[in-house]
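Report on the structure given below.
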Amino acid sequence: SMIKTMGLVLGIAIAISLLVALTLVPSLIMLLGNRIFWPTRGARWYRFAERTMEKRAQGHRGYFYKAANFSIKHSKAVLIAALLISVPTTYVFLEAETSFDFIGGMASGVESGDGIAAMTDAFGAGRIMPTQIAVVFDGPVYSEGSFDLSRLRAIEGITAVLASTENVKSATGVTNPTGAPVDYVNLSAMSPDARAAQEAQMLQMVGVDGRTVLFTVVMETGPMTPELMDTVNVIRGDLAALKTTDAALSSAEIYVGGSSAVIYDLKLDLDRQFTTMEIIVVIGIFIVLLLVLGAVLLSLFAIVSIMLSITWAFAATVGIFGYALGEPILWIIPLILFIMLMGIGMDYNVFILTRIREEIHKGKSDKDAVVESLDWTGGIITALAVIMGSAFSMMMISSTMMLKEIGFALAFAILLDAMVVRTYIVPAMMTTLGKWGWWAPGPLQRERRGTKSGSHEE
């Protein structure tokens, strides 16, 4: 539900921004006229434009002009370097262990965080959120003042399996409600008072229906750590195996629950859904790019180039926060990186690629079109990246580790995408692809040259 809400709110916000850009902004420009560009307007603007064009005519070009020429001249070296970097970063993106340990990322100095730290030091991290296991038998465990011995033996077997599992500190159930084993076989031999007291303790672990029993498992590690996620999976497997061998459990229902199990199930669910999201997003963006650019290979490369920024930024986040600082990398980082960069980075892609196509339609060669386009748009794209990257980087001043990681990952990815991928890798790839970059099947095929001096060149 949290991810759904994020998607809905962001989608509505972007739709509103689009409507504002297409309706309100043009209306304001029409009302305010050239005054909206103050102070660079009127005669001042024309003087600025003349000086700029004179400098360009004299060969005074800026950083992006030089960067584009460098990338075109050394296109193969640039692409090989990008590939060598991408192999390990892609591996990190696919294989790095992410964490659901929000407790570990809590800010220091907060009372709740300090309280959890005190509990962990005094009683162990596992006591913060124990794991509960509910077993529902097909018949009563306790009925008419007595326990069913066959089911108590099955309960004892479950307790033994739990206690022997690695990372389990203690396990309590009906047959050991206080941690010490109960002589449930000889309950009838106890004095009435002792028996009543013992049964009262045991019944605390039996539900009101008389068929459901509860086990409480305290782990050695914290409730949201990767080690505990693995333990939950092991416990579920061991109990499933026990159910096949114990007749008293064959028709029972066993549920491993608690906070850790919830987090584990959430992780499995999100891993599956994230894969689905990636596939849908990539296919959708490819279709849109194909319609906008009219080029199959460039549309594919645009998506791949965004993937480079995502994997490089995630690897940098893992290196700084995971290895250098020893902090868990929260599960939401790759999700946010993928969704945000696919949107923001693709905007930058469309800016530069459509400008290149426009320059080609004016009659320029592919090389000149790339250089001119990057020279004119590189500064704008970089300025946009600096604005947005700076906004996201403000999250790094938070004392909450999750916000620090999100802020760094997004800021680094956006700046990397604009200053490295768009500036160096895009020109290098377009040079390598050449005319094949603009290929598309029949109906989507577009002219590669526009009209120049009255002639038409395919």
Worksheet item: Does at least one position in the stretch 140-153 carry a residue that is of a type outside the set (Asp, Glu) and either within 42 Å of the chain's Cα centre (by Cα) or under 30 Å from Gly222 (Cβ atoms) (or both)?
Response: no
Worksheet entry | Pair list, Cβ < 9 Å and 6+ apart or interchain, from the stretch 323-344 residues that are more than 28 Å from Leu384 (Cα to Cα) and open to solvent by 20 Å² or more (accessible area, probe 1.4 Å) to residues that are at pLDDT below 85 and among the aromatic types (Phe, Trp, Tyr) | Pro328/Phe100
Discussion item. Suppose we filter the stretch 68-85 for residues that are under 30 Å from Glu405 (Cα atoms) and surrounded by 18 or more Cβ atoms within 10 Å (Cβ to Cβ); how many remain?
Written reply: 2
Worksheet item: How many of the residues making up the stretch 164-183 are surrounded by fewer than 16 Cβ atoms within 10 Å (Cβ to Cβ) and of a type in the set (A, V, I, L, M)?
Response: 1
Practice prompt. Please verify whether the stretch 112-123 includes one or more residues that are at pLDDT below 90, surrounded by fewer than 16 Cβ atoms within 10 Å (Cβ to Cβ) and assigned to a strand (DSSP E or B).
Written response: no
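In the stretch 204-254, which residue that is hydrophobic (A, V, I, L, M, F, W, C) and farther than 23 Å from Ser150 by Cα is most open to solvent (accessible area, probe 1.4 Å)? Walk me through how you get there before you give the answer.
Within the stretch 204-254, the first condition is being hydrophobic (A, V, I, L, M, F, W, C), and the residues that meet it are 205-206, 208, 213-215, 217-219, 224, 228-229, 232, 234-235, 239-242, 247-249, 252, 254.
If we keep only those that are farther than 23 Å from Ser150 by Cα too, we end up with 218-219, 224, 228-229, 232, 234.
On the way: Val218: 11, Met219: 5, Met224: 24, Leu228: 2, Met229: 12, Val232: 1, Val234: 70 Å².
If we take residues in the stretch 204-254 being hydrophobic (A, V, I, L, M, F, W, C) and farther than 23 Å from Ser150 by Cα, then Val234 is most open to solvent (accessible area, probe 1.4 Å).
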Fill in: Residues of the stretch 11-44 classified as within 30 Å of Leu270 (Cα to Cα) and open to solvent by less than 80 Å² (accessible area, probe 1.4 Å), total
4
Discussion item. Filter the stretch 349-374 down to the residues that are open to solvent by less than 10 Å² (accessible area, probe 1.4 Å) and touching a Lys or Arg at 6+ places or on another chain (Cβ under 7 Å) and list them by number.
Written reply: Ile352, Ile360, Ser373
Worksheet item: Is there any pair linking a residue in the stretch 293-319 that is free of Cβ contacts under 8 Å to residues at least 12 places away in the same chain and buried (at least 22 other Cβ atoms within 10 Å of the Cβ) to one that is among the basic types (Lys, Arg) and assigned to a helix (DSSP H, G or I), with Cβ under 8 Å and at least six apart or on different chains, and which?
Response: none
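If we keep just the residues of the stretch 45-67 that are touching a residue at least 24 places away in the same chain (Cβ under 8 Å) and outside any helix (DSSP H, G or I), which is most open to solvent (accessible area, probe 1.4 Å)? Walk me through it before giving the result.
The first filter runs over the stretch 45-67 and keeps only residues touching a residue at least 24 places away in the same chain (Cβ under 8 Å), leaving 61-65, 67.
Of the ones still in play, those that are also outside any helix (DSSP H, G or I) are 61-62.
Working: Arg61: 59, Gly62: 37 Å².
Once the filter is applied, the top-ranked residue is Arg61.
The values are calculated or read from the model by the stated rules, or taken from the named source; none is laboratory data. No experiment lies behind these values; they were computed from the predicted model shown. Please note: Cβ atoms are built from the backbone with ideal geometry, for glycine as well, and neighbour counts cover all protein chains shown. We work out accessible area using only protein heavy atoms, side chains counted, and drop any ligands, DNA or RNA first. Shrake-Rupley method; radii C 1.70, N 1.55, O 1.52, S 1.80 Å.
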